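Okay, so here's the structure we're looking at.
All of the numbers you see were taken from the coordinates with simple rules; none came from a lab. Just so we're clear, the structure is a prediction, and the values are computed from it rather than from any experiment. Here the Cβ positions follow ideal geometry from the backbone for every residue, glycine too, while neighbour counts run over all protein chains shown.
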Amino acid sequence: MAEHDCIFCKIVEGKIPSNKVYEDEELLAFHDIAPWAPVHFLIVPKRHIPSMAQLGPEDAGLMGRIMTLAPRLALAQGCGAYPEGGFRVVVNTGQEGGQEVHHLHVHVMGGPRPWLKG
């Protein structure tokens with residue numbers, strides 16, 4: 001998908017509305033429109049990167065920021081604290097990896113699930 005056709009680029013540019021969780025100069029986090037968990041948001045770099053397969057050594061800082069931001073935002077969005085609570089981080093990469101939008105994005109999912117308590 002060309003960058004100009006990328007739905008996440010359009011969200012970053014404000015051309016498509018989103019329910020924002022966080023924003024800074026490099027990253028945007030917003031709620032998933034089809035959540036799989038009580039808490040489900042995406043963290044995307046504002047710069048168009050098609051997938052994890054296109055990351056290089058120069059992107060280590062960006063990915064470090066995403067991975068350290070995820071737990072902070074998960075707690076703020078309602079995921080319980082470790083070890084009783086928690087969340088999942090998923091990055092689909094490429095067609096065979098289940099990636100549907102070809103702009104790097106990290107899914108953060110969790111939240112209270114009463115049916116799991118015994």
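With +1 on the Cβ of every Lys and Arg and -1 on the Cβ of every Asp and Glu, and nothing else charged, how large is the dipole of the range 3-116 about its Cα centre, in debye rounded to the nearest 20? Mind dumping the intermediate values first?
Values: 9 positive and 13 negative charges, 71 e Å.
About 340 debye.
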Legend entry - Cysteines without a disulfide-compatible partner [the chain; Cβ-Cβ under 4.7 Å]: CYS79
Inset, instruction - Compute the long axis of helix 60-77 from its Cα atoms, compare it with the longest principal axis of the Cα atoms of the chain, and write down the angle in degrees, 0 to 90, nearest 10. - result: 40 degrees
